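Asker: Shown below is the structure under consideration.
The values are calculated or read from the model by the stated rules, or taken from the named source; none is laboratory data. From a predicted model like this one, the values you see are computed outputs, not experimental measurements. Neighbour counts run over all protein chains shown; Cβ positions are idealised from the backbone, glycine included. To get the accessible areas, we keep the full protein, side chains included, count just its heavy atoms, and leave off ligands, DNA and RNA. Shrake-Rupley method; radii C 1.70, N 1.55, O 1.52, S 1.80 Å.
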Amino acid sequence: EKDKFLEFDNPKSSEGYRILIWKKMINYLHENGAILHGSGYVGSFVVDKKMKFSSHSQYFDIFFRTGIIGLSICLIIYFIFLNKFRKRNYYLFSSFVGVLIYGFFHETFKLSQGGVLLMFFILYFNYEKHNLNKND
């Protein structure tokens, strides 16, 4: 048997299990007519009573709970932060990019330490906004 680096079709592998979860989440939303508005903050546990799991992705978690509308709003906010940080502070920009990339594979801002990190980004964003207004 040939060793595979990525096994997207194997639900026993990490990447295969995540894809299985994501498919189940999308199917649940589709079957319940909730693609636009999401599950209403119901967790991914409702997808399959036999499985206890998380989405293993910040973006799939947001999509599942709030639908296309909520995910779109969240991505717009992220883009606004990225744009501000890119112009004003490269270190925060690169840090925020790193957190967003990490979010593809884990829940980031949903967890408590991620919430603190998000609050830091929000506070710094407001600080920069205040300083720009003050200097004008």
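Asker: If you project the alpha carbons of the stretch 71-136 onto their three principal axes, what span does each projection cover, largest first, in Å?
Answerer: Principal-axis extents of the Cα atoms in the stretch 71-136, largest first: 41, 23, 19 Å.
Asker: Report the charge-dipole magnitude of the stretch 1-129 in Debye, nearest 20, computed about the Cα centre from +1 at each Lys and Arg Cβ and -1 at each Asp and Glu Cβ.
Answerer: Values: 16 positive and 10 negative charges, 64 e Å.
Approximately 300 debye in magnitude.
Asker: Please state, as a whole number in µm²/s, the translational diffusion coefficient that the Stokes-Einstein equation yields for the stretch 1-80 at 37 °C and 0.692 mPa s, with Rh defined as the Kirkwood radius across alpha carbon pairs.
Answerer: Working: Rh = 13.4 Å.
Reported coefficient: 244 µm²/s.
Asker: Under a point-charge model restricted to the Cβ atoms of Lys and Arg (+1) and Asp and Glu (-1), what is the dipole moment magnitude of the stretch 1-47 relative to its Cα centre, in debye to the nearest 20?
Answerer: Values: 6 positive and 6 negative charges, 18 e Å.
For this selection, approximately 80 debye.
Asker: Just to check I understand the Karplus step: with θ = phi - 60° and J = 6.51 cos²θ - 1.76 cosθ + 1.60, what whole-Hz values come out for the stretch 70-84, glycine and proline as x?
Answerer: Those phi angles translate into x, 5, 4, 4, 4, 5, 5, 4, 4, 5, 4, 4, 4, 4, 5 Hz.
Asker: Can you tell which of Ser39, Ser54, Ser94 shows the greatest fluctuation in a Gaussian network model of the chain with Cα springs below 10 Å?
Answerer: Ser94
Asker: Using only Cα atoms, locate the centre of the stretch 1-41 and the centre of the stretch 77-136, then give the distance between them in Å, rounded to an integer.
Answerer: Between the Cα centre of the stretch 1-41 and that of the stretch 77-136, the gap is 28 Å.
Asker: Work out the charge dipole of the chain with +1 on the Cβ of Lys and Arg and -1 on the Cβ of Asp and Glu about the Cα centre, then indicate which of Phe53, Phe8, Leu118 is farthest towards its positive end.
Answerer: Checked the options; the winner is Leu118.
Asker: Next up: Helix 90-102 against the longest principal axis of the chain: what's the angle in degrees, Cα atoms only, rounded to the nearest 10?
Answerer: Helix 90-102 sits roughly 10 degrees off the main axis of the chain.
Asker: Using a 1.4 angstrom probe on heavy atoms only, work out the carbon and sulfur share of the accessible area of the chain in %. Don't jump to the answer; show the numbers that get you there.
Answerer: Details: 5830 of 9160 Å².
Ligands and nucleic acids excluded, carbon and sulfur reach 64 percent.
Asker: Then there's this: Per residue, how much accessible area does the chain have with a 1.4 Å probe, in Å²? Spell out each step's value before the answer.
Answerer: On the way: 9160 Å² over 136 residues.
Each residue of the chain exposes 67 Å² on average to a 1.4 Å probe.
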